[in-house]
Amino acid sequence: MHPALQGLMTIVIGVSACIAYFALSNQFLDKVLFPARGPNAGRNINRANMIRPWLFLFPALFALGLYLAYPVYETLRLSLTDRVPGGGYEWAGLDNYTQMIAEPKFWEAIRNNMLWLLIVPALSTAFGLLAAQLTDRIGWGNIAKSLIFMPMAISFVGASVIWKLVYDTRPADQDQIGILNAIYMALGGAEPQTWLTIPLWNNLFLMIVLVWIQTGFAMVILSAALRGIPEETVEAAIVDGASPLQIFFKIKVPQIKNTILVVWTTITITVLKVFDIVFAMTNGQWETQVLANYMFDKLFRANDWGVGSASAMVIMLLVAPILVWNVRNARNEMR
Amino acid sequence: MDNIAGTKSSLTWVVHISVALLVILWLLPTIGLFVSSFRTADQIATSGWWKALTASEQNLTLRSAAPDTQVETNGLFVIEGQLFDAAQEAEISAWGINSRAIDAFKPGDTADLRKGGTITVQTDGSYRMENTEAFAGKRGQRVFVVATVPPELTFENYRAMLFSDENATGMVKAFFNTLTVTIPATVIPILVAAFAAYALAWMDFPGRALLIAVIVGLLVVPLQLALIPLLKLHLNIGIGKGYLGIWLAHTGFGLPLAIYLLRNYMVGLPRDIIENARVDGATEYQIFTKIILPLSFPALASFAIFQFLWTWNDLLVAKVFLIDATGQTTVMTAQIVELLGTYGGNWEVLATAAFVSISVPLIVFFTMQRYLVRGLLAGSVK
């Protein structure tokens, strides 16, 4: 069967199964289990209404529990066990963690992740803020915004190919086809650089890819926040003779501080999970390993589920403060 | 609000230029790859894409016709022909027959061949090889030329990738596989999340606030955590690696955002409508399908775009839950990574493959940007 046809069929079956569940389970509740007629009509309606939320929620809760909550527990358990050859698991205590800590690659990944965590959110937010502030003032700002925002739609893998061409290197006696080397040579560089193999700096070149993608996100959100600033505050500052820079840094930025924080943390989470860019561009060679790729390596190349799980727990640990902060914010809002 | 008297005019053009610079900086990498996807392998390998629109001087390695095309006249063996393809117009400024001295001769000069005989190459690429004995060997003579080649863009890369029968890059198959992953993985979570969001927004039951907090927490749980346990689970219950597994996985991973976005939107719907409907005797199911769902269209669209972009662009989930050893179910992102390995230097293949995969999200992005922005704002500012 043609794959497209097969795909179409599975779509129809999957979606109709979903619709059927909701329609039929509600019918069943109202018509068979607690029918709203007969001697107990009133009581039945109440009972049906007590059950219905759970009927609505069940598929979502089931999927959430199975696909997000259970893995947290299971990964923790796996990180404390070892696979026994031939099947089964045995308790390993903290062995996986000590083994991981002893690996230089792990510390390289931690160091690089810290660099990513510092640089990517900072640069993305800064560029986003700059773009938001500048595009708000001009006529063709919306077009500019949409072009800066565009990389959001491009996959990390697509972006990796795009930037690999930028970083491409040819031997010194040939024309450079990567624009970065072409500029470098035009500015009087001695010989073309293989940018992705220069330790430490190559991390920066990988980060630029993510900054390029995330700046649009930061810009869109910060631009909305900037527009939400009450005009009186800005006008008052103008009357008092503040310079445009002062207005921006002393009047506007403090008022959108919270939004900046939200943008920063959202990008931080993305950074912690970054995998595709490193996987496609260097695969962790030349000291560019990051945690997510380290974990993938352990999982599918070394086939070591114990250490793989342990490194996943490290990612979870790094996300945890943001998780708590988010939940607290959400609860405050609902009150 | 920025009309500060006297400063406006001097600042405005600074702003215009800075924005223009930013936009160019942000567009340049994409344009580079885009232009490259319309160039031939030779062009990409010998000159930067920014030279694609101007005539460029290139060093080319060409080959004369094979010896079996030689013609014997009066004891003189002759091979004549044209070094360039028929459609190509180029001007040769220098040429050579040795890779170490590619500019040894001028057009019109005659060079002695190592194996005997001579070759003369003209500016337009026509050549004439003469020998008193028959030319031997199977392949033609290599000729290195320095030529000025006019800009030439071609759809050949796309044709070869999408419409040729060999389909060596596997991108067509990967395209359909990606589509097969994406559409159910977008539709199913929307359905599931819409019901849950309605329950969380408008139904009263114990534990509601706690559930919402849990969902906010799950928003940031890294999906790396889910890989091993779920792969284990899928293998144990017999789903294995395949479409069903990846649909379920994408559904699970997309749900927190879906529920969060939709609930926030539904809470904002006017209470009167829902209460009037309840008074009029509508069941919750009717209220949901007839009132809430149509009214929530903007939020549904926002999430649909997110989920579509995310599943289309995903690599990790597909690698773990979908692609098995046979590679029959590979998606485009994984295929491109594969091509990066096998066609590492063939930019015409990589650029074209990347743009085949990027084109769909870009179309979605530019046509439905409004919903995307709205969704982003609802998802993070609230």
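The values are calculated or read from the model by the stated rules, or taken from the named source; none is laboratory data. Because the structure is a prediction, the values reported are computed rather than measured. Note that we place each Cβ from the backbone using ideal geometry, even for glycine, and neighbour counts take in every protein chain shown. Ligands, DNA and RNA are stripped out before the accessible areas are found, and what is left, the full protein with its side chains, is counted by its heavy atoms. Shrake-Rupley method; radii C 1.70, N 1.55, O 1.52, S 1.80 Å.
Key figures
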quantity	calculated
B:Thr118 accessible area, 1.4 Å probe, all protein chains in place, Å² to nearest 10	30 Å²
Percent of C-alpha pairs per 5 Å bin, the range B:8-50, short to long	5, 21, 18, 14, 11, 11, 8, 7, 4, 2, 0
Pairwise centroid distance, computed over Cα atoms, of the range B:251-301 with the range B:48-108, Å	70 Å
Coordinate range along principal axes, alpha carbons of the range B:167-380, Å, largest first	67, 42, 27
Part-to-part distance (alpha-carbon centres) for the range A:124-180 and the range B:162-229, which is given in Å	28 Å
Over 30 Å (Cα to Cα) - which of B:Lys51/B:Lys319; A:Lys145/B:Lys51; A:Lys164/A:Lys252 fall in this group	B:Lys51/B:Lys319; A:Lys164/A:Lys252
Scaled radius of gyration (Cα, divided by 2.2 N^0.38 Å) that the range B:92-227 gives	2.35
Three semi-axes of the equivalent ellipsoid, the range B:1-160, Cα gyration tensor, whole Å, largest first	51, 16, 11
Per residue value of the accessible surface for the protein assembly as shown (all protein chains in place, 1.4 Å probe), Å²	45 Å²
Convex hull volume per residue for the range A:215-314, taking Cα atoms only, in Å³	126 Å³
All lysines inside 22 Å of A:Lys31 as judged from Cα atoms, apart from same-chain residues fewer than 8 positions distant	B:Lys290
Separation in nanometres of the label points that stand 7 Å from Cα toward Cβ, at A:Asn40 and B:Thr342	6.5 nm
Alpha carbon centroid spacing (whole Å) that separates the range B:309-354 from the range A:270-302	16 Å
Kyte-Doolittle at least -1.0, axis length at least 20 Å by Cα - qualifying DSSP helices, chain A	A:3-27, A:41-64, A:104-135, A:201-227, A:257-272, A:305-334
Principal axis dimensions, largest first and in whole angstrom, of the range A:5-128 by Cα	73, 51, 41
Inter-chain Cβ neighbour average for residues A:322-333, partner chain, 10 Å	4
Crossing angle, helix B:8-36 versus chain B [Cα axis fit, 0-90 degrees, rounded to tens]	70 degrees
Computed log₁₀ I(q)/I(0) - Debye formula, equal Cα scatterers, no solvent, the range B:17-112, q 0.23 Å⁻¹	-1.29
Net charge over other residues, Cβ less than 15 angstrom from the Cβ of A:Ala102 (K, R count +1; D, E count -1)	-2
Number of partner chain Cβ atoms within 10 Å, mean per residue of A:145-152	6
In range of the label at B:Thr132: residues from the range B:56-75 whose backbone nitrogen is under 13 Å from the point 7 Å along Cα→Cβ	B:75
Protection proxy ranking of A:262-273, A:12-23 - average other beta-carbon atoms within 10 Å, highest first	A:262-273, A:12-23
Viscosity 0.890 mPa s, temperature 25 °C, Stokes-Einstein D of chain A from Kirkwood C-alpha radius, µm²/s	99 µm²/s
Sorted peptide list for A:132-141, A:60-69, B:178-187, criterion being average Cβ within 10 angstrom, highest first	B:178-187, A:60-69, A:132-141
Residue mean of other protein chain beta carbons inside 10 Å, B:158-164	0
Rh by Kirkwood over Cα pairs, then Stokes-Einstein D for chain B at 1.567 mPa s and 4 °C, µm²/s	49 µm²/s
Percentage of interatomic Cα-Cα distances in the range B:79-126 larger than 16 Å	38 percent
The range A:3-79, relative contact order [Cα under 8 Å, separation at least 6], %	20 percent
Peptides ranked, highest mean first, by Cβ atoms within 10 Å: ranges B:106-116, A:164-174	A:164-174, B:106-116
Folded to 0 to 90 degrees: helix B:332-342 orientation relative to chain B principal axis, Cα	30 degrees
Relative intensity, log₁₀ I(q)/I(0), of the protein assembly as shown from a Debye sum that treats every alpha carbon as a point, q = 0.12 Å⁻¹	-1.38
